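For reference, the structure discussed in these notes is given below.
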Amino acid sequence: MHFKSLFLSAIAVSSATAGRTCGTKNPTNEQKLIAQNFQLKEDAALSQARLTGNGTSSVQAAINVKIYYHVVAISTAASGGYLPQSALTAQTGVLNLAYAPYQISFTQASVDYTVNTNWANDRSEGAMKKALHKGTFADLNVYFVYNSAYLGYAYYPSDLNPNNAAQVYYDGVVVVSSTVPGGTAPYNLGHTLTHESGHWFGLVHTFGDGNDGQGCSIGDFISDTPDEASAAYYCETGRDTCPTAGLDPIWNYMDYSDDDCFTGFTDGQGTRMHSQWESYRAAYQV
(Lines give C-alpha, C1' and ligand atoms only; values in the text may rest on other atoms or scores of the structure.)
Protein backbone atom coordinates (compact mmCIF):
# COMPACT_ATOMS: atom_id res chain seq x y z
CA MET A 1 0.00 0.00 0.00
CA HIS A 2 1.42 3.38 -1.04
CA PHE A 3 0.72 6.32 1.26
CA LYS A 4 1.49 9.91 0.32
CA SER A 5 1.54 12.89 2.67
CA LEU A 6 2.55 16.41 1.72
CA PHE A 7 3.40 17.33 5.31
CA LEU A 8 6.61 15.30 5.10
CA SER A 9 7.93 16.84 1.91
CA ALA A 10 9.98 19.39 3.85
CA ILE A 11 11.95 16.83 5.86
CA ALA A 12 15.45 16.60 4.39
CA VAL A 13 17.70 13.88 5.78
CA SER A 14 21.03 13.27 4.08
CA SER A 15 21.10 9.55 4.92
CA ALA A 16 17.86 9.03 3.01
CA THR A 17 19.32 10.12 -0.33
CA ALA A 18 22.09 7.52 -0.64
CA GLY A 19 21.94 3.70 -0.56
CA ARG A 20 20.17 2.14 2.41
CA THR A 21 22.14 2.16 5.64
CA CYS A 22 21.45 0.06 8.72
CA GLY A 23 23.30 0.48 11.98
CA THR A 24 22.30 -2.87 13.48
CA LYS A 25 25.53 -4.64 14.35
CA ASN A 26 26.71 -7.87 12.80
CA PRO A 27 25.88 -10.96 14.89
CA THR A 28 28.58 -12.13 17.28
CA ASN A 29 30.09 -15.61 17.03
CA GLU A 30 27.84 -16.67 19.90
CA GLN A 31 24.77 -15.34 18.08
CA LYS A 32 25.82 -17.20 14.95
CA LEU A 33 25.90 -20.44 16.93
CA ILE A 34 22.47 -19.64 18.35
CA ALA A 35 21.17 -19.03 14.81
CA GLN A 36 22.69 -22.29 13.57
CA ASN A 37 20.94 -24.18 16.37
CA PHE A 38 17.63 -22.55 15.47
CA GLN A 39 18.24 -23.53 11.84
CA LEU A 40 18.89 -27.18 12.71
CA LYS A 41 15.74 -27.40 14.83
CA GLU A 42 13.56 -25.61 12.27
CA ASP A 43 14.82 -27.73 9.37
CA ALA A 44 14.24 -30.91 11.37
CA ALA A 45 10.69 -29.83 12.21
CA LEU A 46 10.04 -29.01 8.55
CA SER A 47 11.35 -32.40 7.41
CA GLN A 48 9.14 -34.13 9.97
CA ALA A 49 6.11 -32.16 8.80
CA ARG A 50 6.74 -33.27 5.23
CA LEU A 51 7.20 -36.90 6.25
CA THR A 52 3.93 -36.95 8.18
CA GLY A 53 2.01 -35.19 5.44
CA ASN A 54 1.33 -32.10 7.55
CA GLY A 55 2.46 -29.67 4.88
CA THR A 56 5.65 -27.70 4.59
CA SER A 57 5.40 -25.79 7.86
CA SER A 58 3.75 -25.98 11.24
CA VAL A 59 0.86 -23.79 12.35
CA GLN A 60 2.19 -20.98 14.51
CA ALA A 61 0.32 -19.10 17.20
CA ALA A 62 -0.42 -15.50 16.26
CA ILE A 63 1.75 -12.78 17.76
CA ASN A 64 0.49 -9.27 18.50
CA VAL A 65 3.09 -6.67 19.44
CA LYS A 66 2.29 -3.42 21.20
CA ILE A 67 4.17 -0.42 19.80
CA TYR A 68 5.20 2.59 21.84
CA TYR A 69 6.02 5.40 19.41
CA HIS A 70 8.41 8.17 20.47
CA VAL A 71 8.66 11.14 18.11
CA VAL A 72 11.86 13.07 18.81
CA ALA A 73 12.06 16.25 16.75
CA ILE A 74 14.06 19.48 16.50
CA SER A 75 10.86 21.57 16.50
CA THR A 76 7.08 21.21 16.46
CA ALA A 77 7.03 21.79 12.70
CA ALA A 78 6.70 19.03 10.11
CA SER A 79 10.06 20.15 8.72
CA GLY A 80 11.58 19.43 12.13
CA GLY A 81 10.49 15.79 12.15
CA TYR A 82 7.30 16.28 14.20
CA LEU A 83 5.15 13.45 12.86
CA PRO A 84 1.35 13.63 13.14
CA GLN A 85 -0.76 10.67 14.23
CA SER A 86 -1.82 10.10 10.62
CA ALA A 87 1.79 9.25 9.71
CA LEU A 88 2.06 6.82 12.62
CA THR A 89 -1.24 5.18 11.69
CA ALA A 90 0.03 4.75 8.14
CA GLN A 91 3.30 3.30 9.44
CA THR A 92 1.50 0.76 11.63
CA GLY A 93 -0.59 -0.20 8.61
CA VAL A 94 2.55 -0.87 6.57
CA LEU A 95 3.93 -3.11 9.31
CA ASN A 96 0.70 -5.06 9.55
CA LEU A 97 0.55 -5.66 5.80
CA ALA A 98 4.21 -6.75 5.71
CA TYR A 99 3.99 -9.14 8.67
CA ALA A 100 0.44 -10.49 8.23
CA PRO A 101 1.52 -13.53 6.14
CA TYR A 102 3.65 -14.64 9.09
CA GLN A 103 0.90 -14.38 11.75
CA ILE A 104 2.40 -11.24 13.30
CA SER A 105 0.51 -8.00 13.91
CA PHE A 106 1.14 -4.67 15.61
CA THR A 107 -1.03 -2.34 17.68
CA GLN A 108 -0.12 1.20 18.67
CA ALA A 109 -0.15 1.47 22.46
CA SER A 110 0.82 5.14 22.78
CA VAL A 111 2.78 8.02 21.28
CA ASP A 112 4.78 10.77 22.97
CA TYR A 113 6.52 13.82 21.57
CA THR A 114 9.86 15.33 22.58
CA VAL A 115 11.60 18.39 21.15
CA ASN A 116 15.29 17.92 21.85
CA THR A 117 17.87 18.81 19.22
CA ASN A 118 20.53 16.55 20.72
CA TRP A 119 18.33 13.46 20.84
CA ALA A 120 16.67 14.27 17.50
CA ASN A 121 20.09 14.12 15.84
CA ASP A 122 20.64 10.68 17.38
CA ARG A 123 23.07 11.79 20.03
CA SER A 124 22.88 10.51 23.63
CA GLU A 125 20.98 7.34 22.71
CA GLY A 126 21.17 6.01 26.26
CA ALA A 127 19.77 9.16 27.88
CA MET A 128 16.97 9.39 25.33
CA LYS A 129 15.91 5.79 25.73
CA LYS A 130 16.21 5.79 29.50
CA ALA A 131 13.84 8.75 29.62
CA LEU A 132 11.32 7.53 27.05
CA HIS A 133 11.27 3.71 27.03
CA LYS A 134 7.94 2.09 27.96
CA GLY A 135 6.49 -1.38 28.36
CA THR A 136 8.19 -4.76 28.60
CA PHE A 137 10.66 -6.82 26.59
CA ALA A 138 7.70 -8.03 24.52
CA ASP A 139 6.77 -4.49 23.45
CA LEU A 140 8.35 -2.61 20.55
CA ASN A 141 9.65 0.87 21.31
CA VAL A 142 10.15 2.92 18.14
CA TYR A 143 12.13 6.17 18.27
CA PHE A 144 11.65 8.47 15.28
CA VAL A 145 14.61 10.86 15.10
CA TYR A 146 15.15 13.78 12.74
CA ASN A 147 18.62 12.73 11.59
CA SER A 148 21.09 9.90 12.07
CA ALA A 149 24.15 8.33 10.50
CA TYR A 150 21.82 5.45 9.54
CA LEU A 151 18.28 5.12 8.27
CA GLY A 152 17.70 2.92 11.29
CA TYR A 153 19.11 0.43 13.76
CA ALA A 154 17.89 -2.09 16.30
CA TYR A 155 19.02 -4.64 18.87
CA TYR A 156 18.61 -8.41 18.54
CA PRO A 157 16.63 -10.04 21.36
CA SER A 158 19.79 -11.90 22.41
CA ASP A 159 21.73 -8.62 22.75
CA LEU A 160 20.12 -7.58 26.01
CA ASN A 161 19.23 -9.03 29.38
CA PRO A 162 15.54 -8.21 29.96
CA ASN A 163 16.02 -8.57 33.72
CA ASN A 164 18.80 -5.99 33.81
CA ALA A 165 17.32 -2.50 34.15
CA ALA A 166 20.56 -0.95 32.89
CA GLN A 167 20.23 -2.84 29.60
CA VAL A 168 16.56 -3.39 28.87
CA TYR A 169 15.70 0.22 28.04
CA TYR A 170 18.07 0.04 25.05
CA ASP A 171 15.67 -2.46 23.45
CA GLY A 172 13.77 -1.14 20.47
CA VAL A 173 14.24 0.47 17.08
CA VAL A 174 15.54 3.89 16.03
CA VAL A 175 14.51 5.14 12.58
CA VAL A 176 14.76 8.44 10.75
CA SER A 177 11.39 10.19 10.68
CA SER A 178 11.47 10.82 6.92
CA THR A 179 11.25 7.04 6.28
CA VAL A 180 7.57 6.81 7.27
CA PRO A 181 4.97 6.50 4.47
CA GLY A 182 4.96 9.71 2.48
CA GLY A 183 8.49 10.65 3.50
CA THR A 184 11.64 11.05 1.42
CA ALA A 185 12.07 8.77 -1.62
CA PRO A 186 13.33 6.13 -2.13
CA TYR A 187 12.70 5.25 1.53
CA ASN A 188 9.18 6.64 1.74
CA LEU A 189 6.96 3.55 2.07
CA GLY A 190 7.66 2.76 5.72
CA HIS A 191 9.84 -0.29 5.14
CA THR A 192 12.83 0.99 7.09
CA LEU A 193 10.79 0.13 10.18
CA THR A 194 9.79 -3.18 8.56
CA HIS A 195 13.50 -3.98 8.14
CA GLU A 196 14.56 -2.88 11.62
CA SER A 197 11.62 -4.69 13.25
CA GLY A 198 12.93 -7.83 11.57
CA HIS A 199 16.17 -7.36 13.51
CA TRP A 200 14.13 -6.80 16.70
CA PHE A 201 12.60 -10.23 16.05
CA GLY A 202 16.08 -11.72 15.63
CA LEU A 203 16.60 -11.74 11.85
CA VAL A 204 19.98 -10.86 10.38
CA HIS A 205 20.61 -9.45 6.93
CA THR A 206 20.01 -11.75 3.96
CA PHE A 207 23.67 -11.32 3.02
CA GLY A 208 24.78 -12.54 6.44
CA ASP A 209 27.67 -11.10 8.39
CA GLY A 210 27.89 -7.70 6.77
CA ASN A 211 29.55 -7.02 3.44
CA ASP A 212 32.47 -9.37 4.04
CA GLY A 213 31.95 -11.49 0.93
CA GLN A 214 30.91 -14.55 2.95
CA GLY A 215 27.22 -14.36 2.17
CA CYS A 216 27.48 -17.31 -0.23
CA SER A 217 28.92 -19.62 2.44
CA ILE A 218 27.40 -18.26 5.67
CA GLY A 219 24.26 -16.33 4.79
CA ASP A 220 21.54 -15.58 7.33
CA PHE A 221 21.27 -19.10 8.83
CA ILE A 222 17.82 -19.63 7.30
CA SER A 223 17.58 -22.41 4.76
CA ASP A 224 15.08 -20.93 2.31
CA THR A 225 16.76 -17.51 1.96
CA PRO A 226 18.61 -17.46 -1.39
CA ASP A 227 22.36 -17.08 -1.02
CA GLU A 228 23.73 -13.58 -1.53
CA ALA A 229 27.36 -12.48 -1.35
CA SER A 230 26.75 -8.88 -0.26
CA ALA A 231 24.02 -6.28 0.19
CA ALA A 232 21.87 -5.32 -2.79
CA TYR A 233 21.13 -1.61 -3.20
CA TYR A 234 18.40 0.28 -5.06
CA CYS A 235 16.53 -2.45 -7.02
CA GLU A 236 19.09 -4.61 -8.81
CA THR A 237 16.70 -6.89 -10.70
CA GLY A 238 18.36 -10.11 -11.86
CA ARG A 239 21.32 -9.78 -9.50
CA ASP A 240 23.01 -13.13 -8.87
CA THR A 241 26.18 -13.05 -6.75
CA CYS A 242 26.38 -16.70 -5.66
CA PRO A 243 26.89 -19.91 -7.67
CA THR A 244 23.99 -21.71 -5.96
CA ALA A 245 20.61 -21.81 -7.67
CA GLY A 246 18.40 -18.76 -7.36
CA LEU A 247 18.75 -15.03 -7.83
CA ASP A 248 19.68 -12.73 -4.97
CA PRO A 249 16.73 -11.91 -2.67
CA ILE A 250 16.69 -8.21 -3.50
CA TRP A 251 12.94 -8.26 -2.74
CA ASN A 252 13.50 -9.36 0.85
CA TYR A 253 12.84 -6.89 3.67
CA MET A 254 16.18 -7.85 5.25
CA ASP A 255 18.24 -6.77 2.24
CA TYR A 256 19.26 -3.16 1.46
CA SER A 257 17.03 -2.44 -1.53
CA ASP A 258 14.79 0.61 -1.92
CA ASP A 259 11.36 0.46 -0.31
CA ASP A 260 9.46 -0.07 -3.56
CA CYS A 261 11.60 -3.13 -4.34
CA PHE A 262 10.61 -4.99 -1.17
CA THR A 263 7.84 -7.60 -1.26
CA GLY A 264 8.23 -9.93 1.73
CA PHE A 265 10.11 -12.29 4.02
CA THR A 266 10.61 -16.01 3.38
CA ASP A 267 8.59 -18.65 5.22
CA GLY A 268 11.79 -19.61 7.03
CA GLN A 269 12.27 -16.06 8.23
CA GLY A 270 8.69 -16.13 9.50
CA THR A 271 9.44 -19.31 11.42
CA ARG A 272 12.66 -17.80 12.83
CA MET A 273 10.80 -14.74 14.10
CA HIS A 274 8.36 -17.01 15.93
CA SER A 275 11.20 -19.15 17.30
CA GLN A 276 13.05 -16.16 18.68
CA TRP A 277 9.85 -14.60 20.01
CA GLU A 278 9.08 -17.75 22.02
CA SER A 279 12.67 -18.02 23.25
CA TYR A 280 13.23 -14.39 24.25
CA ARG A 281 10.13 -12.18 24.36
CA ALA A 282 6.88 -14.14 24.79
CA ALA A 283 7.30 -14.63 28.54
CA TYR A 284 7.24 -10.86 29.07
CA GLN A 285 3.99 -10.21 27.22
CA VAL A 286 1.21 -8.78 29.40
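The values are calculated or read from the model by the stated rules, or taken from the named source; none is laboratory data. What you see is a predicted model; the values in this text were computed from it and never measured. Cβ atoms come from the backbone with ideal geometry, glycine included; neighbour counts cover every protein chain shown. Accessible surface is based on the protein model in full, side chains and every heavy atom, while ligands, DNA and RNA are left aside. Shrake-Rupley method; radii C 1.70, N 1.55, O 1.52, S 1.80 Å.
Details
Conditions (1) aromatic (Phe, Trp, Tyr); (2) modelled with pLDDT of 90 or more, marked per residue:
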site: His195; (1), (2): no, yes
site: Trp200; (1), (2): yes, yes
site: Asp209; (1), (2): no, no
site: Gly213; (1), (2): no, no
site: Ser223; (1), (2): no, yes
site: Tyr234; (1), (2): yes, yes
site: Asp255; (1), (2): no, yes
site: Met273; (1), (2): no, yes
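- Filtered residues of the range 237-286 (kept if touching a helix residue (DSSP H, G or I) at 6+ places or on another chain (Cβ under 7 Å) and part of a loop (DSSP other than H, G, I, E, B)): Ile250, Trp251, Tyr253, Met254, Phe262, Phe265
- From the options Ala149, Ala131, residue that is open to solvent by 50 Å² or more (accessible area, probe 1.4 Å) and part of a helix (DSSP H, G or I): Ala131
- Residue in the range 238-251 that is out of contact with any strand residue (DSSP E or B) (no Cβ under 6 Å at 6 or more places or on another chain) and buried (at least 20 other Cβ atoms within 10 Å of the Cβ) present: yes
- Residues (aromatic (Phe, Trp, Tyr) and touching a strand residue (DSSP E or B) at 6+ places or on another chain (Cβ under 6 Å)) located in the range 101-120: Phe106, Tyr113, Trp119
- For Tyr169, the conditions (1) touching a residue at least 60 places away in the same chain (Cβ under 8 Å); (2) open to solvent by 10 Å² or more (accessible area, probe 1.4 Å) are fulfilled apart from (1).
- Taken over the range 69-100, the residue count meeting the criterion of being open to solvent by 30 Å² or more (accessible area, probe 1.4 Å), more than 28 Å from Leu160 (Cα to Cα) and either assigned to a loop (DSSP other than H, G, I, E, B) or touching a strand residue (DSSP E or B) at 6+ places or on another chain (Cβ under 8 Å) (or both) is 8.
- In the range 216-235, the qualifying residues are those that are buried (at least 17 other Cβ atoms within 10 Å of the Cβ) and of a type in the set (S, T, N, Q), and the one that is farthest from Pro186 (Cα to Cα) is Thr225.
- In the range 221-232, the residues that are over 8 Å from Thr206 (Cα atoms) reach residues that are surrounded by fewer than 24 Cβ atoms within 10 Å (Cβ to Cβ) and basic (Lys, Arg) with C-beta atoms within less than 9 angstrom, at least six apart or across chains, in these pairs: Phe221/Lys32; Ala232/Arg239.
- No other residue among Gly183, Gly126 is over 14 Å from the mean Cα position of the chain (by Cα), part of a loop (DSSP other than H, G, I, E, B), at pLDDT 95 or above and not β-branched (Val, Ile, Thr) apart from Gly183.
- The range 9-32, residues that are hydrophobic (A, V, I, L, M, F, W, C) and at pLDDT 90 or above: Cys22
- The range 179-190: number of residues that are of a type outside the set (S, T, N, Q) and open to solvent by less than 20 Å² (accessible area, probe 1.4 Å): 6
- Single condition Val204 does not satisfy, out of (1) open to solvent by 10 Å² or more (accessible area, probe 1.4 Å); (2) out of contact with any Pro (no Cβ under 6 Å at 6 or more places or on another chain); (3) modelled with pLDDT of 90 or more; (4) β-branched (Val, Ile, Thr): (2)
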